[in-house]
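The values are calculated or read from the model by the stated rules, or taken from the named source; none is laboratory data. Nothing here was measured: the structure is a model prediction, and the numbers come from that model. No Cβ is skipped: glycine too gets one built from the backbone with ideal geometry, and neighbour counts run over all protein chains shown.
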Amino acid sequence: MLEDLIKERLKKKDALEKLGLNVYPARVKRSHLVAHVVKEFSALSKKKTKVWLTGRLLGLRIQGGVAFADLMDGSGGKIQIVLAKAKLPNFQTLKDNLDIGDFVEVSGPLFKTKKGERSVEAKTLRLIVKSIRPLPSVWHGLQDVEERFRKRYLDLLMNADVREQLVQRSQIVEYLRHSLANEGFLEVETPTLQAIPGGAKARPFKTHHNALDVDFYLRISPELYLKRLLVGGLEKVFELGKVFRNEGMDRDHNPEFTELELYWAYQDYWSLMKFTQKLLKKLIPGKWSSVFFADIFKKHTGKDYKSIPADQLDEIFKKEVRPKIVEPTFVTDYPESLMPLAKLHQDDPSLTESFQLIVNGAEVVKGFSELNDPVFQREQMERQEKAFREGDTESSRKDEDFLEALEYGMPPAAGLGIGIDRLVAIATKAHAVKEIILFPTLRPK
């Protein structure tokens, strides 16, 4: 059936081209966006403004010598076009060859039909893209959710809610960039290909550089490079970009995701928490609070975290504690074993000056007072390297160049990472991060 429809549309394309018509022209004319025409319809109508619109046909109804079509463009607006045989010289050609999904250029005055429908009276109408494959008749609410993600272009076209969510994502990213710039932060770019993956506990993706004959890793975090910039005298820096972790996929995880990391000299984790709340309060409503790791661990597990082996502590926290945190909550002062890059707590060296912002059971922000003692950092990295060599593929590696940079001196500083996908999912009430990633990672068909 689908193949027959495609063949029929190809025949129409051939017929139009035999008439000397270019159904994929390079240049088109447009005077207004559809959304603007709809918004200013009364004023434009009174002025008898002739508009030139371009867009895709999402509806087509032919009634003898009159045809009605729904036109939509990227502005999100939709308007009816009325084609009359008596007023459109190429009416019959269009009637025989137009299909839903085609792109057109239309010009004419605005008017309202007897039913009050805002419309364009087509004085000229030109086909500017012939759609070969028909749009699906049913899309919203597909049982096979992955099909929506595989064909995101159709998801955007057929589902206004999806378009709005993804537009909001762009606006949130712009808001963060603008807010940080206003606070004096400098946006920078650090390597995506790294000789030694570091800055987080995660298994990296591995690749190979042919010319150098050297293995590289896709970064799991920009952290160690951003800290090098603190050594170099830049006091307020951030990076917003993709990071990659070779891990499973679920409601909160995609192996390729967007992260914002910032580092601020002469701050500690408490001042950074205040700044985080100021930055994100607009995006995450609710009653914000803070709680010590030890207290909330005991509350939800009934156990003292010190009685749990270090290699199990993180998993127990993720499974038994984190899902029970709904309102925006700063969990602070994590054990040293969970935060190898954080500064030890000044009152209790078994803890770190660290925090995570958890909302709806998901970690959205992780931050801490940065470890800048090069001797202790070396000890921590050697411990992580040993764990890696003993089979822990997620353990951080020892980075000699970073350690050398620390030996020149890094100022006291605080830093954090924000998972943009999770943040946007919470802000837009999406039920999973895949919903607000344009092209999430999927298992190949």
Determine if the range 242-250 includes at least one residue that is crowded, with 19+ Cβ neighbours inside 10 Å and within 20 Å of Ala342 (Cβ to Cβ).
yes
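This table checks each residue for (1) surrounded by fewer than 16 Cβ atoms within 10 Å (Cβ to Cβ); (2) touching a helix residue (DSSP H, G or I) at 6+ places or on another chain (Cβ under 6 Å); (3) in the same structural domain as Gln384 (by TED's automatic domain parsing); (4) not β-branched (Val, Ile, Thr).
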| site | (1), (2), (3), (4) |
| --- | --- |
| Lys303 | yes, no, yes, yes |
| Gln312 | yes, no, yes, yes |
| Lys318 | yes, no, yes, yes |
| Asp348 | yes, no, yes, yes |
| Leu351 | no, no, yes, yes |
| Val359 | no, yes, yes, no |
The range 406-427, residues that are in contact with a Leu (Cβ under 9 Å, 6 or more places away or on another chain) and either within 13 Å of Arg228 (Cβ to Cβ) or in a strand (DSSP E or B) (or both)
Leu406, Met410, Pro411, Ala413, Ala414, Gly415, Leu416, Gly417, Ile418, Gly419
Give the range 281-298 a look and list any residue that's under 16 Å from Thr352 (Cβ atoms) and in contact (Cβ under 8 Å) with a residue 60 or more places away in the chain, or say none.
Ser290
Could you tell me whether the range 369-387 includes any residue that is of a type outside the set (Ser, Thr, Tyr), within 25 Å of Lys319 (Cβ to Cβ) and either in a loop (DSSP other than H, G, I, E, B) or in contact with a strand residue (DSSP E or B) (Cβ under 6 Å, 6 or more places away or on another chain) (or both)?
no
Can you tell me which of (1) modelled with pLDDT under 95; (2) more than 37 Å from the chain's Cα centre (by Cα); (3) of a type outside the set (D, E, K, R) is the one Thr93 doesn't meet?
(1)
Which one of these does Ser31 not meet: (1) of a type in the set (Ser, Thr, Tyr); (2) more than 34 Å from the chain's Cα centre (by Cα); (3) modelled with pLDDT of 95 or more?
(2)
Output the number of residues of the range 72-106 satisfying the condition of being under 20 Å from Lys12 (Cα atoms) and either aliphatic (A, V, I, L, M) or in contact with an Asp or Glu (Cβ under 6 Å, 6 or more places away or on another chain) (or both).
7
